[in-house]
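Here's the structure we're looking at; comments come further down.
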Amino acid sequence: MAPDSVNRRRIWMLLVLIMTAVWFGNIEYRKLVRPDEGRYAEIAREMAVSGDWITPRLNDIKYFEKPALQYWITAGAYRLFGEHHWTARLWSALSGFLGIFFTAFAATRLFGREAGLLSAAVLGSSLLYTLIAHMNSLDMGMTFFMGTALMSFLLAQQDGASKPANRLWMHVTWAALAFAVLSKGLMGIVLPGAVIVLYTLIERDFGLWKKLHLLSGIVLFMAIAAPWFIAVSIANPEFFHFFFIHEHFERFLTKTHGRYEPWWWFIPILVAGILPWLITLIDSLVFAWKVEPAAKQQFKPKRFLLIWAVFIFVFFSLSGSKLASYILPIFPALALLIGDHLSRIDGRRLFWQILPVAFLAAAGLLLAPNTVRFADNELARGQYTLFANWLLAASAIWLVGTVSALLLSYRDKVRSAIVVLACTSLIAAQVLLTGHDSLSATRSDYAIAEQIKPHLRPGVPFYSLSGYDQTLTYYLKRTVTLVEYQDEMAFGIAQEPDKWLPTIESFKQAWIHQPYALAIMPHATYQRLSQQGLPMRVIARSVDKTAVTTP
């Protein structure tokens, strides 16, 4: 091997190691924030403590909204390494990281080595993908398995694939779909299945169904996905209706979860989330349909990717329940389309596609100090002032990277320009995420939990009035008794009504008969109970809550 080739390989390996450190570097630093990070960290903690790996519980109340795969992985991380921020976020960060590498592998096999490198660079630097990968939620694990299924399917169906290769990659597809279902539910099989139907109808490629290995694939899928669903249904007969009917059909068709947004809501999410590749995305989508081979007998991977992205985007746009992370499964598909297009783009065209990003980064520098205007009290003002400094730093890094990429692209050094823009965009996003910890006093219960801990005693009651703070129980390492509050735990409370108190009056009766107990409540509730003469001793305060003990 030539010395220059060896040196280039060493440089690339060093770059990968540095970006790996950047990717995982801040998952311990930041406090867990409400609601998702606290919820999923706590469910896994209770699973690890109780040893019940079948029935998920939140605050010791049955919680059937999602399947158990991520709970198992996180609980296993707790058992092996302890309960930390990084173990709570490990699966999200790891699955996002693995997704980048599998994207590089699949794109290389499908479109060539250059497209593989650039597809990975695009996915690993897209803003929404980066942000969600560093938060403890179920969406990144779901995206990893759906992306793995998508790309394995493309490898199985690509022209020239041998029968053994088709069989291998289709079984990887079926296994990945099973794990997707175990990650977040039926969408892990329904959405990919709908895309295959749409593709065969649009392309009239009905012979594709003969290469899906349906019988052995379904057997493999059921062998992986079914055991937990059977076990949890046997242990909890009420599970089936709640999970399959309420959590899937009612969530999609109704506004019952209070997450309704207008049909166009995901458009700005996609526009911001795909940065810094927005203009290139538009260019890629236009070319994706045109450049496919014309022969009807040939499988068209780019059209399949396009149908995947468009259908899933439209599906969630029509849903009655919307969260920004729902469209994350389209990002691996978009990364492949963008990476393939970038592998054939010239420097001047790339220059004009990157230029708007420089203006956005410059706008970030100018607007960062104005974030203080979001503060509604003196404490928040101090937090936003600190966060503004992090936003300034992130914008500066992004601007420097973008200007550098512009200079490189102008000189027709396309690969270098893309890699520089991708790396600096990832670093800027990580700086922004790290700075978000400046706002933790109003988004996390870490601080008030530290004040409460010295007053805890084993086995004593702890009441939570008129609310449930998702991160509090994780930091206290114990559950609380809900008072006059149900929300997402209403179904579990209906199954075990003895685990809560329905009214403030019932709490007052229990409180005055306790030799020692703790409670946490909104400031207004504390003021009202204090005026009514309920004996309480204040032990901690946060922006919106007061914690007390019996005198």
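Values quoted throughout were computed directly from the atomic coordinates according to the rules given, and no laboratory measurement underlies them. What you see is a predicted model, and the numbers here were worked out from it, not measured in a lab. Glycine also receives a Cβ, built like all others from the backbone with ideal geometry; neighbour counts cover every protein chain displayed.
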Starting with the fewest neighbours, write out Met19, Met146, Met47 ranked by other beta-carbon atoms found within 10 Å of each beta-carbon. Met19, Met47, Met146
Full-extension gain between Val219 and Glu28, please, as 0.36 nm times their residue separation minus the C-alpha to C-alpha distance. 64.8 nm
Please compute the net charge surrounding Arg167, taking Lys and Arg as +1 and Asp and Glu as -1 over other residues with Cβ under 14 Å from its Cβ. +3
Helix-only [θ] at 222 nm, the chain, -39500 (n - 2.57) per DSSP H run of 4+, per residue, nearest 500, equals -20500 deg cm²/dmol
Here, Asp159 and Asn377, labelled 7 Å along Cα→Cβ, have an inter-label distance in nm of 6.5
Given Cα pairs under 8 Å that are at least 6 residues apart, what percent is the relative contact order of the chain? 17
Computed ³J(HN,Hα) along segment 357-366: with the Karplus parameters 6.51/-1.76/1.60, θ = phi - 60°, integer Hz and x for glycine or proline, the list is 5, 4, 5, 5, 5, 5, 4, x, 4, 6
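Taking 0.36 nm per residue of separation and subtracting the Cα-Cα distance, what length does fully extending Leu15 through Phe206 add?
64.3 nm
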Straight-line reach only, C-alpha to C-alpha below 16 angstrom: list the aspartates and glutamates that Lys62 could link to, leaving out same-chain residues fewer than 8 apart. Glu42, Glu46, Asp52, Glu238, Glu247, Asp487, Glu488, Glu496, Asp498
Let's see if you can work this out: charge +1 on each Lys and Arg Cβ, -1 on each Asp and Glu Cβ, no other charges. What is the dipole magnitude of the chain about its Cα centre, in debye to the nearest 20? 1240
May I ask you to order 446-459, 478-491 by the average number of other C-beta atoms within 10 Å around their residues, highest value first? 478-491, 446-459
Per-bin percent of Cα-Cα distances, segment 347-440 [5 Å]: 3, 16, 21, 19, 14, 10, 7, 5, 3, 1, 0
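Relative contact order, percent, of segment 446-549 when contacts are C-alpha pairs under 8 Å separated by at least 6 residues? Could the numbers behind the result be given before it?
On the way: 137 pairs, mean separation 30.6, N = 104.
So the answer I get is 29 percent.
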Compute the long axis of helix 85-111 from its Cα atoms, compare it with the longest principal axis of the Cα atoms of the chain, and write down the angle in degrees, 0 to 90, nearest 10. 10
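How would you rank Leu220, Leu154, Leu80, going from fewest to most other Cβ atoms within 10 Å of each one's own Cβ?
Ranking Leu220, Leu154, Leu80 by Cβ neighbours within 10 Å, fewest first, gives Leu80, Leu220, Leu154.
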Which of Tyr410, Tyr526 has the fewest other C-beta atoms within 10 Å, and how do the rest follow up to the most? Tyr410, Tyr526
Amide H contacts of Ser464 (H built 1.01 Å from N, under 5 Å, at least 5 apart or other chain): Thr481, Leu482, Val483, Ile520
Collect residues whose amide H, placed 1.01 Å from N in the peptide plane, falls under 5 Å from the amide H of Ala517; neighbours closer than 5 in sequence don't count. Thr550
Given the peptides 118-124, 312-318, arrange them by the average over their residues of other C-beta atoms within 10 Å, most packed first. 118-124, 312-318
Going down the table (Lys163/Lys290; Lys66/Lys508; Lys477/Lys545; Lys290/Lys413; Lys453/Lys545; Lys184/Lys302), which pairs top 23 Å between alpha carbons? Lys163/Lys290; Lys66/Lys508; Lys290/Lys413; Lys184/Lys302
Segment 176-190 scanned against label point 7 Å out from Phe244 along Cα→C-beta; backbone N under 17 Å for 178, 181-190
With Cα coordinates, the longest principal axis of the chain makes an angle with the long axis of helix 163-184, in degrees rounded to 10, of 20
Principal axes of segment 446-549: Cα extent on each, largest first, Å: 33, 30, 26
How much net charge surrounds Val419 when only the other residues with a Cβ under 13 Å from the Cβ of Val419 are counted, with Lys and Arg +1 and Asp and Glu -1? +2
Whose amide H sits under 5 Å from the amide H of Thr546, counting only residues 5 or more places off or on another chain, with H placed in the peptide plane? Met521, His523
Out of these labelled values of Cα Rg over 2.2 N^0.38 Å, (i) 1.05; (ii) 1.11; (iii) 1.42, which was calculated from the coordinates shown here? (i)
Net lengthening on full extension, Leu98/Leu407 (0.36 nm per residue, minus Cα-Cα): 108.1 nm
